[in-house]
Amino acid sequence: MPTMSVPIEILSNHPVQTWFGCGGTAARFARPANAEALRACLAIDPNLRILGDGANLLVADGGVQELVVSLNSGDFAQWTVTSTPTGGIIRAGAGVNLPKLILEAGRLGLGGLESLGGIPASVGGAVVMNAGGNFGQTGDTVHAVEGLTRDGQPVSLRRNQIDFTYRHARFAEHKGLIVTHVEFKLRKADPDALRERLKEVMAYKKKTQPLADHSAGCFFKNPTLREDLPGIAVAGSKISAGMLIDKAGCKSMRIGGAAVSPQHANFVIADKGCTAADILALMRQVREKVRAAFNVTLENEVVIWGASL
Ligand SMILES: Cc1cc2nc3c(=O)[nH]c(=O)nc-3n(C[C@H](O)[C@H](O)[C@H](O)COP(=O)(O)OP(=O)(O)OC[C@H]3O[C@@H](n4cnc5c(N)ncnc54)[C@H](O)[C@@H]3O)c2cc1C
């Protein structure tokens, strides 16, 4: 059961740091350092929202009313390694920075995470979104997940109880699970070879994506076609949202400070002075143009807080 026994500091009108670099504030914000403090947050607001690294997030200009909780401190920011005959298990708190963990795992000669190079994320955010790309996805190395349900109950799930699909993880019957810790099962590997592989993965990302701009990565999910698109692909194929956006004539489209990236059409980039409203307006226009051109409705990959779509 939720408990109020642990005091928790609640900050008012606190900024929500996202990679877009714009958007509103959290009416209430907390940074619990352990499970007890997180339970105290749940007692205040069971609908609280978990902020990871803010790399897949847009907060509406009007802000967010639910309690926003960051897990980037205390127990949630620690990680440990246990050796196994074939490599090791890293148990990381949800708030651990994924790119840093990838580097550390590589130094220790533990392979598997390097395929996620260049993806900004907290460990929790990467697991919940099943972040990944051409080289692999987060679920590939997940061994177990620990979390709290919205009524404060601890849950431990093995890999085979978690359904990892395209940019999504389903934690058995525990909808809305707050991921607190993750175990990654990694293989023994040569640290130099891992470093080289990580460089290759990151070089590919830099070549194909506007990583220096403010964005949230791919804005829309790659759709699976419901019907044939002559000259493009047959029904049932998963195709690139960026390709459709480009072919619909949206590349470099702009509203206010928000623009479709000329480098990768599925990246919406936020220039100086951009508002969340600019990004939302551009999102609607792009979606409408793609629907008109191809009868395909693009679904958001980016999570939006505080806005009516
Ligand atoms: C430059 C750039 C490049 C990117 N490239 C890629 C890519 O190649 N592949 C890819 O998949 N993504 C990519 N992304 C998107 C982003 O990196 C991923 O979606 C990542 O998993 C987001 O993690 P986060 O910690 O930032 O989550 P946030 O953006 O903070 O949150 C995302 C969602 O996860 C939830 N969440 C976060 N932590 C927890 C938790 N502990 N428990 C429960 N829910 C939680 C949040 O509530 C929210 O709903 C990119 C983003 C940027 C800015």
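Bear in mind that the values in this text are calculations on the coordinates, not laboratory data. Just so you know, these numbers come straight off a predicted model, no measurement behind them. Heads up, the Cβs are rebuilt from the backbone with ideal geometry, glycines too, and the neighbour counts pull from every protein chain shown.
With θ taken as phi - 60° and the Karplus curve 6.51 cos²θ - 1.76 cosθ + 1.60 applied, the whole-hertz 3J(HN,Hα) list for the range 167-173 is 6, 7, 10, 10, 9, 6, 8 Hz, x standing for glycine and proline.
Across the range 246-254, coupling constants 3J(HN,Hα) worked out from phi with the 6.51/-1.76/1.60 Karplus curve, θ = phi - 60°, read 4, 5, 7, x, 9, 4, 6, 4, 9 Hz, and Gly and Pro carry x.
Identify the chymotrypsin sites (Phe, Trp or Tyr not before Pro) of the range 139-230 meeting these criteria: DSSP loop state and at most 15 other C-beta atoms within 10 Å of the C-beta. Here the sparse-neighbourhood loop sites are 166.
At 15 angstrom or more along the helix axis (alpha-carbon based) and mean Kyte-Doolittle of 1.6 or higher, what helices does the chain contain? Whole DSSP H runs only.
Working: long enough: 191-208 (26 Å, -1.19); 276-294 (27 Å, 0.33).
Passing helices, by number: none.
Think of the chain as having a plus end and a minus end, set by charges on the Cβ of Lys, Arg, Asp and Glu; of 307, 160, 33, 160 sits farthest toward the positive end of this dipole. For the chain, the spread of Cα positions along the three principal axes, ordered from largest to smallest, is 54, 48, 36 Å. For the range 113-264, the calculated P(r) over all alpha carbon pairs, in 10 Å bins from 0 to the bin holding the longest distance, is 9, 30, 31, 23, 6, 0 percent.
Using a 10 angstrom Cβ neighbour count of at most 11 plus a DSSP loop assignment to flag exposed trypsin sites (Lys or Arg not before Pro), which longest range of the chain is free of such sites? Intermediate results must be reported in sequence, preceding the final value.
Values: sites that count: 175, 226, 272.
Longest site-free region, per DSSP loop and neighbour criteria: 1-174.
Among 214, 143, sorting on how many other beta-carbon atoms sit within 10 Å of each Cβ, with the fewest leading, yields 143, 214. Pick from 232, 90, 255: which is most flexible by mean-square fluctuation in a GNM of the chain where alpha carbon atoms under 10 Å apart are linked? Greatest mean-square fluctuation among the candidates belongs to 232.
A simple charge model with +1 on the Cβ of Lys and Arg, -1 on the Cβ of Asp and Glu and nothing else charged puts the dipole of the range 138-237 at about 160 debye relative to its Cα centre. Exposure proxy for 305, 19: other Cβ atoms within 10 Å of each Cβ, ordered fewest to most, give 19, 305. Largest first and in whole Å, the equivalent-ellipsoid semi-axes of the range 11-74 read 20, 13, 9, each the square root of five times a Cα gyration tensor eigenvalue. Sequentially through the range 9-26, phi angles give Karplus couplings (6.51, -1.76, 1.60; θ = phi - 60°) of 7, 10, 9, 9, 6, 8, x, 10, 6, 10, 6, 5, x, 9, x, x, 9, 8 Hz, Gly and Pro residues having no value and appearing as x.
Dividing the radius of gyration of the alpha carbons in the range 80-120 by their Kirkwood radius gives 0.95 for Rg/Rh. Applying both filters, DSSP loop and at most 10 other Cβ atoms within 10 Å, to the GluC sites (Glu not before Pro) of the range 9-86 gives 9. With both residues required to sit in the chain, DSSP beta bridges show an antiparallel share near 80%.
Of 251/289; 251/272; 205/251; 247/289; 185/238; 100/188, which pairs sit farther than 21 Å apart, going by alpha carbon to alpha carbon? All intermediate terms of the calculation are to be shown ahead of the outcome.
Details: 251/289 11 Å; 251/272 19 Å; 205/251 19 Å; 247/289 10 Å; 185/238 29 Å; 100/188 19 Å.
From 251/289; 251/272; 205/251; 247/289; 185/238; 100/188, over 21 Å: 185/238.
Rounded to the nearest 20, the size of the Cβ-charge dipole of the range 76-208 about its Cα centre is 240 debye, with Lys and Arg at +1 and Asp and Glu at -1. The H on the amide N of residue 301, modeled in the peptide plane, is under 5 Å from the matching H of 220, 221, each at least 5 residues off or on a different chain. GNM on the chain, alpha-carbon springs under 10 angstrom: the most fluctuating residue among 82, 180, 18 is 82.
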